[in-house]
Amino acid sequence: MKIHRHRTDLKTGKVTRQTVHAITDMTSSEAPPQLISRIARAQWGIEALHHIRDTTFAEDASRIRTGHGPDNMATLRNHAINTLRDAGHRGIAAGLREVSYTPFPTHSTCWDCPHPNCNET
């Protein structure tokens, strides 16, 4: 199959075009164009997450390579990314910098916690 992609950079307005070829073992009746586009878009979602983990957490440079270590670290990195997104951070690296100066509350109920330092933002 051949996939044509068009992308517009929101900052510059520049349009880039890319053609990607893919191979599948599905027949044409098993893989209509709508299914292929969903699969391709889902893959880009995975790649986008990996890009964040690699550029922000240097995942590809990690020396953790044995046992369940790589999977566990990927889970922790995903948790950090999702926690930052849930807290309203769109940029993960900027969110990490901000949180390093003003950490998240330590209790699960800290948003309404009576302790004097828990509600500080």
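Here are the numbers:
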{"read-out": "Charge dipole magnitude, Cβ of K and R +1, D and E -1 - region 16-91, Cα centre, debye nearest 20", "value": "260 debye"}
{"read-out": "D_trans [Stokes-Einstein, Kirkwood Rh over alpha-carbon pairs] for region 1-103, 4 °C, 1.567 mPa s, µm² s⁻¹", "value": "77 µm²/s"}
{"read-out": "When region 58-99 is reduced to its Cα atoms, the Kirkwood hydrodynamic radius in Å", "value": "11.2 Å"}
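Any read-out appearing in this document is the output of simple, stated calculations on the displayed coordinates, not a laboratory observation. These figures come from a predicted structure and were not determined experimentally. All Cβ positions, even for glycine, are placed from backbone atoms using ideal geometry, and neighbour counts span all protein chains on display.
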